[in-house]
Amino acid sequence: MPNQEREISRRGIMLVVSSPSGAGKTTLTRNLLEQEENVSLSVSVTTRPRRPSEIDHVHYHFVSRRRFEAMREGGELLEWAEVHGNYYATPREPVEQALSEGRDMLFDIDWQGTRQLLEKMRDDVVTVFVLPPTAAELKARLERRAEDSTAIIKQRLHNALEEIAHWREYDYILVNRDLDKSFARLRAILTAERLKRVKMLDIEAFADRLLVDLKKLTP
């Protein structure tokens with residue numbers, strides 16, 4: 001008997017993962033991209049100059065400020081923000097195409113970008129907020145990275161105050177005490193959302209066909 005599950009098509013998911021710096025979001029999302037099939041990272045548009053190590057259309061879609069503003073005014077962006085004088089945004093077209101093909105898109109954005117996605121595409125968006133186990137551990141993780149000065153770490157902790165205050169706006173909360181357990185839970189969230197009835201485009205036809213076949217077998 002053919003694998004019936006393969007006959008059921010579904011619309012993709014927009015999986016948003018947010019957290020304060022140091023909570024473990026980057027590691028979790030990187031692992032998800034490496035270990036889960038059919039998940040792609042959304043590539044942002046930016047007006048920031050390209051760095052020598054960056055590849056256009058891979059790390060970012062690099063555009064001029066004029067082009068960015070035209071995209072924004074033309075409704076081509078799902079969300080956008082200005083950071084340190086440069087614009088960043090999520091282009092609509094590649095996301096829409098991926099979802100219609102049943103592919104899932106992963107978003108590494110903050111609560112402000114998340115709000116904009118929810119306003120435009122609520123039915124497609126699943127949101128996850130990653131929290132550190134304690135404030136002291138968050139600070140320790142930032143210090144262990146040895147990437148930032150004391151002033152920058154202090155600023156990141158200050159930013160965390162505002163970011164964590166928005167945790168209630170998210171569908172799921174992960175308290176990242178143990179990376180392996182948190183990753184297993186993130187994968188479980190993705191699996192559960194993929195199986196939701198509303199995401200299966202032709203599940204109604206499949207169920208109806210199953211009932212017809214069962215009636216034929218019932219005397």
Checking T47 against (1) over 30 Å from A135 (Cβ atoms); (2) in contact with a helix residue (DSSP H, G or I) (Cβ under 9 Å, 6 or more places away or on another chain); (3) modelled with pLDDT under 90; (4) hydroxyl-bearing (S, T, Y), the condition it does not meet: (3)
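Would you pick out the residues in segment 56-75 that are surrounded by 10 or more Cβ atoms within 10 Å (Cβ to Cβ), part of a loop (DSSP other than H, G, I, E, B) and at pLDDT 95 or above?
Step one: of segment 56-75, the residues surrounded by 10 or more Cβ atoms within 10 Å (Cβ to Cβ) are 56, 59-63, 65, 67-72.
Keeping just the survivors that are part of a loop (DSSP other than H, G, I, E, B) gives 59, 63.
Hit for segment 56-75 is V63, nothing else.
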Residue list for segment 67-110, restricted to those being in contact with a Phe, Trp or Tyr (Cβ under 9 Å, 6 or more places away or on another chain), of a type in the set (G, A, S) and within 18 Å of M14 (Cα to Cα): A89
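Mind counting the residues in segment 168-184 that are in contact (Cβ under 8 Å) with a residue 12 or more places away in the chain, assigned to a helix (DSSP H, G or I) and surrounded by fewer than 15 Cβ atoms within 10 Å (Cβ to Cβ)? Steps first, please.
Restricting attention to segment 168-184, the residues satisfying the condition of being in contact (Cβ under 8 Å) with a residue 12 or more places away in the chain are 169-177, 179, 182-183.
Narrowing the set further to residues that are assigned to a helix (DSSP H, G or I) leaves 169, 179, 182-183.
Okay, now just the ones that are also surrounded by fewer than 15 Cβ atoms within 10 Å (Cβ to Cβ), so 169, 179.
Final tally of qualifying residues: 2.
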Pair list, Cβ < 6 Å and 6+ apart or interchain, from segment 197-218 residues that are more than 23 Å from E101 (Cβ to Cβ) to residues that are outside any helix (DSSP H, G or I) and at pLDDT 85 or above: none
The lone exception for S21 - which of (1) under 26 Å from V126 (Cα atoms); (2) at pLDDT 90 or above; (3) in contact with a Lys or Arg (Cβ under 6 Å, 6 or more places away or on another chain); (4) of a type outside the set (K, R) it fails: (2)
Count - residues of segment 93-123 that are within 11 Å of the chain's Cα centre (by Cα), acidic (D, E) and either farther than 14 Å from E79 by Cα or assigned to a loop (DSSP other than H, G, I, E, B) (or both): 2
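Given N159, N86, which one is surrounded by fewer than 17 Cβ atoms within 10 Å (Cβ to Cβ), closer than 14 Å to S18 by Cα and more than 15 Å from the chain's Cα centre (by Cα)? Break it down into steps so the answer makes sense when it comes.
Details: N86 fails: closer than 14 Å to S18 by Cα.
That would be N159, the only listed residue that is surrounded by fewer than 17 Cβ atoms within 10 Å (Cβ to Cβ), closer than 14 Å to S18 by Cα and more than 15 Å from the chain's Cα centre (by Cα).
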Any hit, segment 139-156, residues being touching a residue at least 12 places away in the same chain (Cβ under 8 Å) and part of a loop (DSSP other than H, G, I, E, B): no
When residues of segment 172-219 are limited to those that are among the β-branched types (V, I, T) and at pLDDT below 85, the one farthest from S19 (Cα to Cα): T218
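The values are calculated or read from the model by the stated rules, or taken from the named source; none is laboratory data. Quantities reported herein were computed from a predicted structural model and do not represent experimental measurements. Using ideal geometry, Cβ is built from the backbone for each residue, glycine included, and neighbour counts are taken over all protein chains shown.
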